[in-house]
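Heads up: the structure comes next, in structure tokens.
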Amino acid sequence: MNSQTIQILIAMIIYMAIVIVIGVTFAKRANKSSENYFLGGRTLGPWVTAMSAEASDMSGWLLMGLPGVAYWCGLADAAWTAIGLAIGTYFNWLIVSKRLRRYSVRANNAITLPEFFSNRFREKNKIIMTLAAAFILIFFTVYAASCFVTCGKLFSSLFGTPYIAMMIVGAIFVLAYTLLGGFLAESASDFMQSIVMILALTVIVIIGTVKAGGIGAVIENAQEIPGFLEFFGLATPALNEAGQQIVGAGKPIFEAASEYGILKICSMLAWGLGYFGMPQVLLRFMAIRKEDELKRSRRIAMIWVIISLSVAVFIGIVGRQIFPTEHLTASDAENIFITLATTSLAPILAGFVMAGILAATISSSDSYLLIAASALAKNIFQGVIKKKATDKQVMLVTRLTLLAIAVIAIIIALDENSVIFQVVSFAWAGFGATFGPLMIFSLFWKRINIPGAIAGMVGGAGMVFLWKLVISEIGGVFAIYELLPAFIFSCICIVVVSLLTPKPSKEVEEDFESVKNQ
């Protein structure tokens, strides 16, 4: 290990030590009760609510996945995805946040998403709670795997060590931290990590642009590549039999640009629909101390999101100018942020910038692990299996569940050729289609009932798998992002089944009217 690598490592160790201190600080408060551990006692302020929501949402794909897409095939895919996410963020904060904060209190002070849906419909047999918890376990395990892939790629690229070993080390650190502090520690550290993330992005894009010869030089280079800098065209790298981009005369070879029509644009914009079903974001709405502070949180969140997404996309464009032949596969392209940082900054500064990737990964994976564990411990174990379980028993099951989920996620992440963007997109579609329509109808349609809610969840989740694994293989108009058709299908299931079955009970309707009229 040379001097440069040692300095980078020292900077990252300092950062991780700060994260651990935060965990220790909040551990005592977090372990007072399951409500404190899972929702922080509804004490989050507007800044922490906004910044932790976005940091836990974006994860390592913001610093690796999104720049990697822009580096590999140009502006269109990355930009339309970013636009869809920005729009979805705004409307989620505008439409969902205040009503959910209010309704979660009315719904017997629900502290998890499955508990909210179950209490909202006053169900006795806990079918909704069990299904919601099961889907959270499935999709968050995949999500956690994407974070572990990020850890593995980061440490392997930096230190030249085997991917699998580094991925497991990163997973162990995240698991230990999540076990320690719970939601309060997670939210406080996410606030700090959101600052680290945006600073890291900004520093790299500025230095990278200067190194590339200025914005003009970056744009000129991008325009020379067919479809690379177009909103309605897509660059197509020419690949050899091994799946690597062909290089000729020191330059990457591209085929003719692919068309980028309205269907593809809608497919990418559909990423924004996912926000309505993201547990890690929705829980922040439930945890804020006062619903009146959500307006300020929305403004803070939007500023952070717009800056971060724009800069992340541009980093990929800049990277293609400076290192045109450095990354020759879609998977390896996701290391462009690391390459820019380690070659443009002094080692100790590069280490702190690398901590930005680690920050993004930790801020997301701890959220995923915690919410998935709460789904089993709080909603299935205490909600269905042992209703009189004590807080101590719930916490024990939570920690055992965290360990089990982490092990499964590690197994999924063993493939070092995994493309972070693709892994995240599937889990994102799963949550968006399973919970997004259900959340919107639960908050704003009095007629939705238990059968409709069940049909919406099962229909949305089932369609994600069906479309991804079967229908999209047909190609053509069917090769769209699975979230869009699955979201629409879930909405149809909810409306049709609710109207064909008896209306909700009088008590459920009174709850709805009470929340609506506050």
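The values are calculated or read from the model by the stated rules, or taken from the named source; none is laboratory data. Keep in mind that what you see is a predicted model, and the values were worked out from it rather than measured. Every residue, glycine as well, gets a Cβ built from its backbone with ideal geometry; the counts of neighbours run over all protein chains shown. Ligands, DNA and RNA are stripped out before the accessible areas are found, and what is left, the full protein with its side chains, is counted by its heavy atoms. Shrake-Rupley method; radii C 1.70, N 1.55, O 1.52, S 1.80 Å.
Given the criteria open to solvent by 10 Å² or more (accessible area, probe 1.4 Å), in a helix (DSSP H, G or I), under 25 Å from residue 155 (Cβ atoms) and in contact with a Leu (Cβ under 9 Å, 6 or more places away or on another chain), does residue 329 qualify? Let's see the steps before the verdict.
Details: open to solvent by 10 Å² or more (accessible area, probe 1.4 Å): yes; in a helix (DSSP H, G or I): no; under 25 Å from residue 155 (Cβ atoms): yes; in contact with a Leu (Cβ under 9 Å, 6 or more places away or on another chain): yes.
The answer is no for residue 329.
Of all residues in region 136-147, how many are crowded, with 24+ Cβ neighbours inside 10 Å and hydrophobic (A, V, I, L, M, F, W, C)? Of the residues in that region, 6 qualify. Among the conditions (1) more than 17 Å from the chain's Cα centre (by Cα); (2) of a type outside the set (D, E, K, R); (3) open to solvent by less than 10 Å² (accessible area, probe 1.4 Å); (4) farther than 21 Å from residue 427 by Cβ, residue 114 misses just one, which is (4). Within region 65-84, residues that are at pLDDT 95 or above sit with their Cβ atoms under 6 Å from residues that are among the basic types (Lys, Arg), at 6+ positions apart or across chains, in these pairs: 71/320.
Among the residues making up region 100-118, a single one is closer than 15 Å to residue 452 by Cα and polar (S, T, N, Q): 118. Of all the residues in region 190-249, those that are farther than 30 Å from residue 17 by Cβ, of a type outside the set (A, V, I, L, M, F, W, C) and either touching a residue at least 24 places away in the same chain (Cβ under 8 Å) or part of a loop (DSSP other than H, G, I, E, B) (or both) number 17.
The set of residues from region 237-273 being touching a strand residue (DSSP E or B) at 6+ places or on another chain (Cβ under 9 Å) and open to solvent by less than 30 Å² (accessible area, probe 1.4 Å) comprises 237, 238, 245, 252, 260.
Residue by residue through region 340-354, note down the ones that are in a helix (DSSP H, G or I) and open to solvent by 20 Å² or more (accessible area, probe 1.4 Å). Before you say what the answer is, go through the steps one by one.
Initial filter on region 340-354 (in a helix (DSSP H, G or I)): 340-344, 347-354.
Correct list: 342, 343, 344, 347, 348, 349, 352.
Could we say that residue 499 is farther than 28 Å from residue 85 by Cβ and not polar (S, T, N, Q) here? Reasoning before the result, please.
Numbers: farther than 28 Å from residue 85 by Cβ: yes; not polar (S, T, N, Q): yes.
Yes; evaluated as a whole, the condition is true for this residue.
Checking each residue in region 298-317 for being of a type in the set (S, T, N, Q) and in contact with a Leu (Cβ under 7 Å, 6 or more places away or on another chain) picks out only 308. Would a scan of region 434-453 turn up a residue that is in contact with a Lys or Arg (Cβ under 8 Å, 6 or more places away or on another chain), of a type outside the set (A, V, I, L, M, F, W, C), over 26 Å from residue 271 (Cα atoms) and free of Cβ contacts under 8 Å to residues at least 60 places away in the same chain? Yes - at least one qualifying residue is present in region 434-453. Of all residues in region 1-55, those that are assigned to a loop (DSSP other than H, G, I, E, B), within 25 Å of the chain's Cα centre (by Cα) and modelled with pLDDT under 65 total 2.
For the structure I just gave you, tell me whether residue 150 is of a type in the set (S, T, N, Q) and either buried (at least 24 other Cβ atoms within 10 Å of the Cβ) or farther than 24 Å from residue 428 by Cα (or both). So residue 150 fits the description; yes.
Report, by residue number, each residue of region 50-82 that is aromatic (Phe, Trp, Tyr) and crowded, with 24+ Cβ neighbours inside 10 Å. Explain how you work it out, then say what you get.
Let us first name the residues in region 50-82 that are aromatic (Phe, Trp, Tyr), namely 61, 71-72, 80.
Passing the criteria: 61, 71, 72.
Output yes when any residue across region 397-413 is farther than 19 Å from residue 174 by Cα and not in a helix (DSSP H, G or I), and no when none is. No, region 397-413 contains no residue that is farther than 19 Å from residue 174 by Cα and not in a helix (DSSP H, G or I).
Determine whether region 446-457 contains at least one residue that is among the charged types (D, E, K, R) and open to solvent by 20 Å² or more (accessible area, probe 1.4 Å). Full working, then the answer.
Taking region 446-457 as the starting set, the residues that turn out to be among the charged types (D, E, K, R) are 446-447.
Add one more test, that the residue is open to solvent by 20 Å² or more (accessible area, probe 1.4 Å), and what stays is 446-447.
Yes, some residue in region 446-457 is among the charged types (D, E, K, R) and open to solvent by 20 Å² or more (accessible area, probe 1.4 Å).
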